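Chemist: Input: one structure, supplied below.
The values are calculated or read from the model by the stated rules, or taken from the named source; none is laboratory data. Worth saying up front: this structure is predicted, and the values here are computed from it rather than measured. Every residue, glycine among them, receives a Cβ derived from its backbone with ideal geometry; neighbour counts consider all protein chains shown. Side chains included, ligands, DNA and RNA excluded: accessible areas come from the protein's heavy atoms. Shrake-Rupley method; radii C 1.70, N 1.55, O 1.52, S 1.80 Å.
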Amino acid sequence: QVQLVESGGGLVQAGGSLRLSCAASGIMFRINSMGWYRQAPGKLRELVAAITSGGSTNYLDSVKGRFTISRDNTKNTVYLQMYSLKPEDTAVYYCNVRYEAYVQDSWGQGTQVTVSS
């Protein structure tokens, strides 16, 4: 059974930093990409950043230059380093694993990030 364990969320002032981690276990298929989505109250879930097994990255425009995604393939762990946080970054952040096989993505339980002004 796949488990994604997230950590690192919390409350921070605007301009501060946080680092999210997500460790995946029980993976049965080859991973295509790992990433982070977020969902703020009343809004749709959106992709924040993703990284492929080869290291290619993709970022939401509003976080480019402030967030950095990285990955340890040996540990099936993905990180999201967030700098210069803004109140609009406040959301529940979800870890995502996408597989090369035609199976459903795996999701973490979500971690709250709150940025106060």
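Yes/no matrix, rows are residues, columns are (1) within 11 Å of L20 (Cβ to Cβ); (2) of a type outside the set (V, I, T); (3) touching a Pro at 6+ places or on another chain (Cβ under 8 Å):
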site: A49; (1), (2), (3): yes, yes, no
site: T57; (1), (2), (3): no, no, no
site: L60; (1), (2), (3): no, yes, no
site: K64; (1), (2), (3): no, yes, no
site: S84; (1), (2), (3): no, yes, no
site: G110; (1), (2), (3): yes, yes, no
site: S116; (1), (2), (3): no, yes, yes
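Chemist: For segment 93-117, give me the residue count where each residue is part of a strand (DSSP E or B) and either crowded, with 18+ Cβ neighbours inside 10 Å or of a type in the set (D, E, K, R) (or both).
Modeler: Number satisfying all stated conditions: 10.
Chemist: Just checking, how many residues over segment 29-44 are open to solvent by 30 Å² or more (accessible area, probe 1.4 Å) and of a type outside the set (G, A, S)?
Modeler: Residues that pass the stated criteria total 8.
Chemist: Whether any residue in segment 10-26 is loosely packed, with under 15 Cβ neighbours inside 10 Å and without any contact (Cβ under 8 Å) to a residue 60 or more places away in the chain is what I want to check.
Modeler: Yes - at least one qualifying residue is present in segment 10-26.
Chemist: Within the bounds of segment 59-80, is there any residue that is free of Cβ contacts under 8 Å to residues at least 40 places away in the same chain, crowded, with 18+ Cβ neighbours inside 10 Å, of a type outside the set (S, T, N, Q) and not in a strand (DSSP E or B)?
Modeler: Yes, because at least one residue in segment 59-80 is free of Cβ contacts under 8 Å to residues at least 40 places away in the same chain, crowded, with 18+ Cβ neighbours inside 10 Å, of a type outside the set (S, T, N, Q) and not in a strand (DSSP E or B).
Chemist: Any idea which of Y83, Y59, Y102 is within 12 Å of the chain's Cα centre (by Cα) and on the phi < 0 side of the Ramachandran plot?
Modeler: Of the residues listed, the single one that is within 12 Å of the chain's Cα centre (by Cα) and on the phi < 0 side of the Ramachandran plot is Y59.
Residues are listed down the side, and each one gets a yes or a no for (1) over 23 Å from Q109 (Cβ atoms); (2) out of contact with any strand residue (DSSP E or B) (no Cβ under 8 Å at 6 or more places or on another chain):
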position	(1), (2)
Q3	no, no
I27	no, no
S33	no, no
Y37	no, no
L44	no, yes
T57	yes, no
